[in-house]
1. How much net charge surrounds Gly302 when only the other residues with a Cβ under 13 Å from the Cβ of Gly302 are counted, with Lys and Arg +1 and Asp and Glu -1?
2. Amide H to amide H, which residues 5 or more places from Ser221 or on other chains are under 5 Å from it, using H placed in the peptide plane?
3. Hey, can you grab everything whose amide H is under 5 Å from the amide H of Leu181? Only 5+ residues off in sequence or another chain; H modelled, so Pro and N-termini drop out.
4. Explain nothing, just compute: Karplus ³J(HN,Hα) = 6.51 cos²θ - 1.76 cosθ + 1.60, θ = phi - 60°, for every residue of segment 71-80 in order, whole Hz, x for Gly and Pro.
5. May I ask for the net charge around Asn98, where only other residues with Cβ less than 12 Å from the Cβ of Asn98 are counted and Lys, Arg are +1 while Asp, Glu are -1?
6. Using +1 at the C-beta of Lys and Arg and -1 at the C-beta of Asp and Glu, which of Val231, Pro126, Pro145 has the Cα lying farthest in the positive direction of the dipole of the chain?
7. Determine the per residue accessible area of the chain with all protein chains present and a 1.4 angstrom probe, expressed in square angstrom.
8. Using a 1.4 Å probe over the heavy atoms of the protein chains, calculate the carbon and sulfur portion of the accessible area of segment 250-299 as a whole percent.
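The values are calculated or read from the model by the stated rules, or taken from the named source; none is laboratory data. None of these values were measured; they are calculated from a predicted model. Note that we place each Cβ from the backbone using ideal geometry, even for glycine, and neighbour counts take in every protein chain shown. Areas reflect the complete protein model, heavy atoms only, side chains present, ligands, DNA and RNA absent. Shrake-Rupley method; radii C 1.70, N 1.55, O 1.52, S 1.80 Å.
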Amino acid sequence: ASANVSDNPGEQDTFRCLTKRGTILPGKKFEMSFEFAPEGIETKESFWNFCLVGQKVVEYFLIAGTVTEPRVGMDMPYINFGERLVESSMTEKVRLVNKEHLPFSFAIDASSFQLDGMPEALHVSPMSGVVGPDSSIDLQVTFKPLQERAFNFNVVCNIKRKKEPVVLNVKGSGYKIHASLTVEEPTGRRSVYPGSPEPLDFGTMQVHEQRTVNLYLGNQSKKNFNFRVFVKQGHRKPRPLADFEKAPYLVISQGMGDVRAHEEAMLELTYAPRDVHTLEGSTLQIVIPAGPIETMFQIALGGGAKRSRVDFSFQMYDFGPCFIAKDGATMAGEPLAASEDQRYERVELVATNRDDSDCLISTTFTREPWLDVQLNAAMIEAGSSLRIPLIFSPRETCDYMQ
């Protein structure tokens with residue numbers, strides 16, 4: 001006996017007889033096996049005939065089969081990466097699940113998310129493989145935007161023997177840090193651009209003099225950003241600003257912080273040298289982390305401090321024996337009545353500026369009941385002098401020294 005299929009190549013691929021020939025023993029039955037391996041979900045039919053060799057007996061019969069879509073799909077319909085910094089990456093995991101009792105091979109269509117001539121923003125791994133029966137396989141989806149724009153992908157996953165592909169929607173957007181820095185000057189604000197150091201000269205100052213410059217750090221980004229401020233001296237490693245007591249004698253109002261979107265922060269940079277000093281070779285750095293890269297503003301500092309060439313008419317003065325001042329003495333700075341002038345001793349210290357620039361002079365002396373230095377902070381022009389009254393008014397019989 002033998003079985004033959006009708007002349008239809010397509011049906012031959014779908015249906016296959018595993019026992020096309022054989023012998024039927026007397027009084028026995030013979031079982032013939034057919035295999036059905038469809039490539040699609042449409043209904044298939046195949047016409048066959050059964051022949052008894054030598055008996056000229058032919059029987060015709062029809063084999064038909066229908067299939068349903070394999071239950072293979074993703075465990076989530078979409079991934080939303082949200083807003084990500086340009087050149088930063090984020091990875092999410094999605095599972096390709098097979099609920100059938102047969103294994104199915106799969107292949108990711110790269111053309112569904114990789115556009116010709118455009119930088120790749122999405123990566124899927126693995127791109128192909130086999131998902132076993134009643135099991136799943138993990139797919140790693142990595143989003144790395146290289147442009148500041150929105151992205152929307154429909155990642156196509158072709159499953160063998162499945163008519164329609166499995167589609168995973170992936171969304172995300174890339175954004176950049178847009179920061180600005182300006183220096184406040186008498187003529188207005190001057191812009192500082194990332195990448196190239198911008199000079200800032202404090203000029204020549206006197207020791208213990210102090211100058212402040214306002215910096216404005218603006219944020220034109222969609223998100224808030226953090227910042228840190230460092231100072232770099234020569235080839236040394238950048239370090240945070242300390243205090244006035246150590247070189248380079250710089251202090252900033254905020255060494256670190258954050259700037260909200262579409263706002264700006266004012267940073268007060270103060271230079272207060274405590275000794276002869278120069279800022280040459282010092283660079284102020286304002287660093288804004290931005291994912292794998294960072295934005296940096298650099299300000300090349302200039303200026304310095306020197307000791308003034310101020311001469312005093314005397315370095316020491318002895319008032320000698322004096323009468324005790326009576327109670328109710330006048331306060332410092334008030335003129336003395338002629339009748340009371342003998343109760344006080346007064347001398348003028350002459351300070352002469354022999355430098356070629358103006359000099360600020362002040363004192364840290366705190367007024368005592370018996371001694372007053374009548375000096376407020378004052379500027380002595382180059383080549384000029386300033387008279388400073390010293391008032392001695394003893395309160396009791398003793399020796400005084402200051």
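1. -2
2. The answer is His178, His262.
3. The list, which skips near neighbours in sequence, is Val192, Gly218.
4. Along segment 71-80, the couplings run 7, 10, x, 7, 7, 8, x, 7, 10, 10 Hz.
5. In short, +3.
6. Positive-most Cα among the choices belongs to Pro126.
7. Per residue, the chain has an accessible area of 60 Å².
8. Percent of accessible area from carbon and sulfur atoms in segment 250-299: 48.
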